[in-house]
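S.K.: My structure is below; once you've seen it, I'll send some questions.
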Amino acid sequence: MTFWNIFWLMLWFFFLVVWFWLLITVFADIFRRDDHSGWAKAAWTIFIVILPVLGILIYLIARPKMTAQDMAMMEQHETEQKRMAGYSSADEIAKLNDLRASGAITAEEYETLKAKAM
């Protein structure tokens, strides 16, 4: 085996891994979405199986960027990260109370930030 044979073999292997990763990601996205009916999920699956490259490209273009389900998952993930980092709503509210007492923020700002911290 020459250097170039090994290079092309590694390149093909890389693209094969990327292709399977892309297929798994797209199928996982299709089946986890709540805004698609069962028929829509079946249609996307058939389209991707029959015309894989074109099907995946069209799905990635046609898919909405952020759905309500995605936003809820992001907020849940952020909450979990804050908890793991030692973030506490009580600490945040205490800091806001100190800022309000010192006059750095108004009472309206305090209430808005307090609602956001909870």
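The values are calculated or read from the model by the stated rules, or taken from the named source; none is laboratory data. Quick caveat: nothing in here was measured; it's all calculated off a predicted structure. In this analysis, Cβ positions are derived from the backbone assuming ideal geometry, glycine residues included, and neighbour counts consider all displayed protein chains.
S.K.: Out of the stretch 84-99, which residues are touching a helix residue (DSSP H, G or I) at 6+ places or on another chain (Cβ under 7 Å) and either within 23 Å of L23 (Cα to Cα) or modelled with pLDDT of 80 or more (or both)?
M.R.: Quick first cut of the stretch 84-99, residues touching a helix residue (DSSP H, G or I) at 6+ places or on another chain (Cβ under 7 Å) only: 89, 92-93, 96.
Result: I93, single match.
S.K.: Okay, moving on. Restricting to the stretch 1-22, give me the number of residues that are aliphatic (A, V, I, L, M) and farther than 29 Å from T45 by Cα.
M.R.: Residues in the stretch 1-22 being aliphatic (A, V, I, L, M) and farther than 29 Å from T45 by Cα: 4 in total.
S.K.: Separate question: Report the residue count in the stretch 4-48 for those that are within 17 Å of P64 (Cα to Cα) and among the hydroxyl-bearing types (S, T, Y).
M.R.: 2
S.K.: If you don't mind, another one. Six or more apart or on different chains, Cβ under 8 Å: which pairs go from a residue in the stretch 25-37 that's within 15 Å of G55 (Cβ to Cβ) and without any contact (Cβ under 8 Å) to a residue 12 or more places away in the chain to one that's crowded, with 16+ Cβ neighbours inside 10 Å and of a type in the set (A, V, I, L, M, F, W, C)? Could you list them?
M.R.: H36/I30; H36/W44
S.K.: Considering only the stretch 2-118, give the helices (runs of 4 or more DSSP H) lying wholly within it that have at least 1 residues that are over 28 Å from the mean Cα position of the chain (by Cα) and surrounded by 12 or more Cβ atoms within 10 Å (Cβ to Cβ). Explain how you work it out, then say what you get.
M.R.: Numbers: elements: 3-32, 38-50, 52-62, 68-84, 89-102, 107-117.
The helices (runs of 4 or more DSSP H) meeting that bar are 89-102, 107-117.
S.K.: Looking at (1) modelled with pLDDT of 80 or more; (2) within 30 Å of A117 (Cβ to Cβ), which one does Q81 not meet, given that it meets all the others?
M.R.: Checking Q81 against (1) modelled with pLDDT of 80 or more; (2) within 30 Å of A117 (Cβ to Cβ), the one that fails is (1).
S.K.: A further question on this structure: All but one of (1) at pLDDT below 75; (2) out of contact with any helix residue (DSSP H, G or I) (no Cβ under 9 Å at 6 or more places or on another chain) hold for A117, so report the exception by its number.
M.R.: Only one criterion is unmet by A117, namely (2).
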